[in-house]
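Data block below; observations after.
Any read-out appearing in this document is the output of simple, stated calculations on the displayed coordinates, not a laboratory observation. Note that the structure is a prediction, hence the values are computed from the model and not measured. Cβ coordinates were reconstructed from backbone atoms using ideal geometry, including for glycine residues, and neighbour counts include every protein chain displayed.
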Amino acid sequence: MRPSLLPAPRRPLLAALALSTVALAWRCTQQPSPKPRSSRQSDPDAAQGQGPDGTEGAERAEFSVPRIGANERREDGTSVPPRATPKMLAIEFARFLGLPVVRQETQTSITNAVCDLLIKMPVELALVDEIHNLNLATQAGAEASDQLKYLSERIPATFVLASIDVAASGLFSGVRGQQIAGRYTVTDTKPFAFGTTAQRQNWRNLIASLEDALRLHRHKPGSLVKLDGYLHERTDGAIGSLSQLVRGAALEAIINGSEAITRKTLETIEVDQTAEDARQEQRRNRRPRRRRPDADAA
């Protein structure tokens, strides 16, 4: 379960995330969005609605919803590329939408095609990740920032920008930085806590949403939810780490033929170093201190 990032209609929001989120997402309420092009669509499993990691849809590794009804919502994504230019940013939007882009096309023509399609869909939410890749100190970065501002003005949707430590990245520096700061509100987010009853239930809901996306033939529904404490210890409550762990375990379950995720399977999967360091720190804090012999004598 993601924290709510939707403010009032048309109100931009800048989310300074402790961990990276899904990159670029649109929610469409009237029509399904075109499928993004993917090299994995040639996978025979993907063509049947089941990809190589045990989740449904051609983009199973991202836990995307493969079948979108007329009144349902769709989320998927991309991110701001490093050293982004205005044209690169427009191309990233076009690639997600499945719009063909040729080398000779101009920035203006690509941008217009993207805006026209997103206006027709229509779109409610545009979530742009890795926003710290916009370096306002360079000409290309400043112009890419102007491009993002232009897109947010033309497309009738709420834009959510996600990044890690945006204040330290210089995103609010200079004239353009002041424009960004004046247009967006900042929401700091943290990994899921596991202390109170409500916090534990939120964590279980997140696990359940990932488990529901699995398409493993012998996996017992609810078995991952029962491992909520163990999964929180392994991931420190981070969505990205949990997704990496479950996805890796699903792949392993397919490779070894078990078609089910167990704690034994999860133990074989390595996660990111930040989560591993947090787990080791928790273990050190729980370890009881040995009493000195002289203390017993006293």
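Couple of notes before you dig in:
- Interchain or long-range residues, amide H under 5 Å from VAL186's placed H: LEU14
- Legend: ranking of residues GLU267, GLU105, GLU211 from fewest to most surrounding C-beta atoms inside 10 Å; resulting order GLU267, GLU105, GLU211.
- Peptides 114-120, 218-224, ordered by how many other C-beta atoms sit within 10 Å of their residues on average, highest first, read 114-120, 218-224.
- Cα-based shape type of the range 197-286, given that a ≥ b ≥ c are square roots of the gyration tensor eigenvalues and the cut on a/c is 1.5: oblate
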